[in-house]
């Protein structure tokens, strides 16, 4: 059975699905049209208990999943948040099954020093394994508003994940252009940057950043393998085999469909293992070695 680590799955509890994926979609202008793009079924929107989601992971060979305290800023109402998942909401899941889930600290750049201190606390006290940012409702990826958080992540030795590429919501896609990573990777050469969502439609631009910078990586979240750009598939299978990690961005893609379609790509076995598991183990250095399936 495949062994995999999903470096980005969203909070799946039934109450969370109602609060964010149903209510937020219906009430914020930025989310108009997003529901049609995502095409989420009623079953998915109903969510899972922790035990139910672990059962799905067991069936598919997913050893661990990382859950962000997702923050999305509003484009039309500055200094306010559309999504604001709390540390406590994610910690509730992690505390139930710390062998299967880890948290990612979602950055609200408006919090400034208070935010960087909270970031450090959750890494040190709660075992969160990285930070997560969603630039589109806040500021471009290379804006100085993010720099205190980049600096703190670099000091702590933890990766920062970000959606990179277009925005499916009514938010400015230019804030996530892959070329903006160039400035940050140069200014913070020890910061591990994980650029998620494949960078589409600027996939080759993102590949160039990952090829150029030792500290830049790519994640496949939110895009089913059937739709991955051929240049990305080739990169995974050859010179970029150490630079790409697997993620679902559940519920945007579900792990069963994602893994099934991954098999259709006919990746070589070593690059596939690196994509699904080994690269995550190396990049997330706070992550203790995940035991082999059946030995947890």
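Every number in this text was worked out from the coordinates using simple rules, so none of it is lab data. No experiment lies behind these values; they were computed from the predicted model shown. So basically every Cβ, Gly included, is an ideal-geometry build from the backbone, and we count neighbours across all protein chains shown.
General observations
- Mean-position separation - Cα centroids, segment 171-194 and segment 51-87, in angstrom: 22
- Residue exposure sequence - 260, 86, 221, 167 - by fewest surrounding Cβ within 10 Å: 86, 260, 167, 221
- For segment 1-127, convex hull volume per residue from C-alpha positions, Å³: 112
- Of 240, 176, 106, the residue with the greatest mean-square motion in the GNM of the chain, using alpha carbon springs below 10 Å, is 240.
- For the chain, the share of DSSP beta bridges that are antiparallel, to the nearest 5, is 10%.
- With contacts taken as Cα pairs under 8 Å at a separation of at least 6 residues, the chain carries a relative contact order of 18 percent.
- Put the Cα centre of segment 224-283 next to the Cα centre of segment 109-151 and the gap is 27 Å.
- For the chain, built as a Gaussian network whose Cα springs stay under 10 Å, the top-fluctuating residue of 20, 227, 136: 227
- Measure of compaction for the chain (Cα Rg per 2.2 N^0.38 Å): 0.91
- Which of 69, 285 has the fewest Cβ neighbours within 10 Å, and the rest in rising order: 285, 69
- The calculated 222 nm mean residue ellipticity attributable to helices in the chain amounts to -9000 deg cm²/dmol, summing -39500 (n - 2.57) over DSSP H runs of n ≥ 4 and dividing by all residues.
- Rg/Rh ratio calculated on Cα atoms of segment 172-228 (Kirkwood radius): 0.96
- The Stokes-Einstein estimate for segment 138-296, based on a Kirkwood radius over Cα pairs and taken at 37 °C with 0.692 mPa s viscosity, is a diffusion coefficient of 204 µm²/s.
- Taking other C-beta atoms within 10 angstrom as a stand-in for reagent exposure, 72, 38 fall in the order 38, 72, fewest first.
- Highest mobility in the GNM of the chain, judged by mean-square fluctuation with C-alpha springs under 10 Å and restricted to 68, 148, 255, is found for 148.
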